[in-house]
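What follows is calculated from the coordinates using simple rules that are stated; it is not laboratory data. Values in this document were obtained by computation on a predicted structure and should not be read as measured data. Cβ placement follows ideal geometry from the backbone for every residue including glycine, while neighbour counts extend to all protein chains displayed.
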Amino acid sequence: MQLNDFGNVGDAYQRYSNGIRGRIRHEMVFEVVVGLTAAGGTVLDMGCGDGEISVRLCEAGFEVLGVDASPEMLRRANLRKEQLPEQIRKQLDFAVGDIENFEPGRTFDAVCCHGVLMYLDDSSAAIQKLSDHVTLGGVLSILTRNALSSGLREALRGDYVLARQLIETGTATSIGNLGISTRGDDPSTIVDLMEQCGFDDCQWRGIRIFSDHLDEDSFDSSMADGLIALEQAASIRDPFRSMARLIHATGRKVR
């Protein structure tokens with residue numbers, strides 16, 4: 001499946017995004033990006049999907065350009081935009097494009113690429129391309145699948161045969177939440193690639209450590225705040241972060 005086919009799973013993505021796993025991902029990533037980016041700065045959200053993070057960042061005072069290859073996902077993103085107050089809407093634009101071909105003609109204080117690299121054959125070319133869009137002193141934020149935890153979610157969900165197969169073979173590719181094959185990266189590889197592209201202070205966090213097996217329909221929403229606080233505490237600590245479904249890597253461009 002190509003990235004521009006994501007409109008076909010828009011409803012499924014919306015259900016995931018609104019559930020506990022989506023909430024953990026969005027809230028933890030948002031908090032880190034806001035903490036690293038100068039107030040009122042410019043942000044490129046590459047692979048913005050339905051605009052969840054783009055809108056959050058815009059509401060936080062950033063000028064945001066969201067880019068996605070799927071016209072259907074951008075339609076959903078623009079529906080989100082229409083619900084914003086007029087003054088905030090002026091700070092948010094969406095455009096059709098992908099990592100390989102989109103040329104914004106300017107650089108940004110932060111470039112986010114969340115949940116995209118896992119659908120590509122390789123991460124190195126994408127990270128190089130993304131780094132070109134980051135201004136000197138700016139931030140690159142990468143969220144992708146964690147190769148170190150391959151098989152863990154399947155084991156926790158009771159699919160022991162598949163879990164064993166993934167663990168014994170070291171396979172970093174399996175079917176994700178949306179029924180699409182996803183590929184994992186070793187966190188150290190992502191950090192190394194970022195450093196090679198001129199980024200310093202590179203670090204990574206684990207996202208969704210204790211939650212990826214949860215059933216969205218039966219999860220007690222009153223426990224969400226406690227679970228998110230637990231995930232945040234574990235996200236920067238070993239060995240817990242190595243067991244996370246996702247990795248969130250950040251770095252600051254110094255050359």
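Selection of first residues in the range 168-179 that are without any contact (Cβ under 8 Å) to a residue 24 or more places away in the chain and of second residues that are part of a loop (DSSP other than H, G, I, E, B), restricted to Cβ pairs under 7 Å at least 6 apart or on distinct chains, gives the following pairs, ordered by first then second residue: Thr171/Ser150. Residues that are out of contact with any Leu (no Cβ under 8 Å at 6 or more places or on another chain) and loosely packed, with under 14 Cβ neighbours inside 10 Å were ranked within the range 90-107; the one that is farthest from Arg252 (Cα to Cα) is Lys90.
The set of residues in the range 236-254 being hydrophobic (A, V, I, L, M, F, W, C), farther than 14 Å from Cys197 by Cα and not in a loop (DSSP other than H, G, I, E, B) consists of Phe240, Met243, Leu246, Ile247. Identify, by number, the condition in (1) in a strand (DSSP E or B); (2) more than 15 Å from the chain's Cα centre (by Cα) that Trp204 doesn't meet. The single condition Trp204 does not satisfy is (2).
Scanning the range 69-105 for residues that are under 18 Å from the mean Cα position of the chain (by Cα) and within 22 Å of Gly40 (Cβ to Cβ) gives Ala77, Phe94. For the structure I just gave you, tell me whether Gln128 is without any contact (Cβ under 8 Å) to a residue 40 or more places away in the chain and on the phi < 0 side of the Ramachandran plot. No: the conditions fail for Gln128. The strands (runs of 3 or more DSSP E) located wholly in the range 90-188 that include 2 or more residues which are out of contact with any Pro (no Cβ under 8 Å at 6 or more places or on another chain) and of a type outside the set (Ser, Thr, Tyr) occupy 92-96, 108-114, 134-146, 181-185.
When each of Leu143, Leu152 is tested for being under 30 Å from Gly40 (Cα atoms) and in contact (Cβ under 8 Å) with a residue 24 or more places away in the chain, the lone residue that passes is Leu143. Would you check which residues across the range 32-73 are surrounded by fewer than 23 Cβ atoms within 10 Å (Cβ to Cβ), part of a helix (DSSP H, G or I) and in contact (Cβ under 8 Å) with a residue 24 or more places away in the chain and list them? Of everything in the range 32-73, those that are surrounded by fewer than 23 Cβ atoms within 10 Å (Cβ to Cβ), part of a helix (DSSP H, G or I) and in contact (Cβ under 8 Å) with a residue 24 or more places away in the chain turn out to be Val32, Val34, Leu36, Val55, Arg56, Glu59, Pro71, Glu72. Consider the range 108-140 and keep the residues that are β-branched (Val, Ile, Thr) and closer than 25 Å to Ala60 by Cα. The one that is surrounded by the fewest Cβ atoms within 10 Å (Cβ to Cβ) is Thr135.
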